[in-house]
1. Being within 16 Å of A43 (Cβ to Cβ), over 15 Å from the mean Cα position of the chain (by Cα) and among the β-branched types (V, I, T) is the requirement here; does V114 meet it?
2. Please determine, by comparing only the residues of the range 4-41 that are of a type in the set (F, W, Y) and part of a helix (DSSP H, G or I), which one is surrounded by the most Cβ atoms within 10 Å (Cβ to Cβ).
3. Among the residues of the range 130-146, which ones are modelled with pLDDT of 95 or more and either small (G, A, S) or under 13 Å from G199 (Cβ atoms) (or both)?
4. Going through V162, V183 one at a time, which residue ends up being closer than 25 Å to S105 by Cβ and either surrounded by fewer than 22 Cβ atoms within 10 Å (Cβ to Cβ) or among the β-branched types (V, I, T) (or both)?
5. Given the conditions (1) in contact (Cβ under 8 Å) with a residue 12 or more places away in the chain; (2) more than 24 Å from L13 (Cα to Cα); (3) more than 20 Å from the chain's Cα centre (by Cα), which single one is not true for D33?
6. Return yes or no: is Y200 under 30 Å from T10 (Cα atoms), part of a helix (DSSP H, G or I), among the hydroxyl-bearing types (S, T, Y) and more than 15 Å from the chain's Cα centre (by Cα)?
7. Could you say whether any residue in the range 161-177 is more than 20 Å from L76 (Cα to Cα) and not in a helix (DSSP H, G or I)?
8. Of all residues in the range 132-187 being of a type in the set (F, W, Y) and under 27 Å from K39 (Cα atoms), which is nearest to the chain's Cα centre (by Cα)?
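The values are calculated or read from the model by the stated rules, or taken from the named source; none is laboratory data. Since we're looking at a predicted model, the values are computed, not measured. A quick note on method: Cβ atoms are made from the backbone with ideal geometry, for glycine too, and the neighbour counts reach across all protein chains shown.
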Amino acid sequence: MSDRTIRRTTAALLFTAAALAIAGFTALGSIFDYPAVLKHPAAEILASFRDHQSGVTTWFGVLAVSAALLAPAGILLGRLAGGSLGRMIAIVGVAAAVVQVVGLSRWVLLIPGVSADALDPATAAAAVQRFEGLHFWLGTIVGETIGYALTATFTVLVVRAVAAPIWVRILGYASAALIATGVLIPLEVGIASLSNFAGYVLWCLWLIVMAVVLWRAAAPALARTAAPAVAARG
């Protein structure tokens, strides 16, 4: 593919990832009170999940697809950037996609079975315990904490690589910093949940803006090395 085709393909991936994330979070917030519901006792979360299981699994699947799109976007951005910076963008983008897909997919692949077991008095206690384990390890640790760190790192690397207006770069750095505060959530730092959520709102906006920057670029939008970004190649 030509650089122009790669740029526009990447722009489409970033825009689609943002659109799916916005749709998924909006729908889950409406039908499942997500992410606030995750602070409730496990039995209550499972009961709410059963009440809206079809919608919840569908929209978590949408979020998983959104997260997965970071992998091809990262690979293409890495190809355009080239050098060590490009390799880092590709590696971190794929890693961020993988850990988030793993974390989100539990709602589609594992939680339905756990939820069903929670209805049987003979297996309810074990089911709740299993849910808590999945929620902590696949959710809090893998999908969220590690996912937050990798997403923030990916964002910073892309900001360094793409020549964009200063306000777009500031938006990227600000969203990365706020997303990174999510690693403090397991330590029960109260404001971390709010700042992390605000970071993802800004991040979705940044993805859309970056998609426009890449789509419209007429001269090199990406640096070939870790040196300061230059204008986009035609």
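1. When the stated conditions are applied, V114 passes them.
2. Step by step, filter the range 4-41, then rank; the result is F32.
3. Of everything in the range 130-146, just one residue is modelled with pLDDT of 95 or more and either small (G, A, S) or under 13 Å from G199 (Cβ atoms) (or both), namely G133.
4. After ruling out the rest, the residue left standing is V183.
5. Every condition holds for D33 apart from (3).
6. no
7. Within the range 161-177, one or more residues are more than 20 Å from L76 (Cα to Cα) and not in a helix (DSSP H, G or I).
8. Y148
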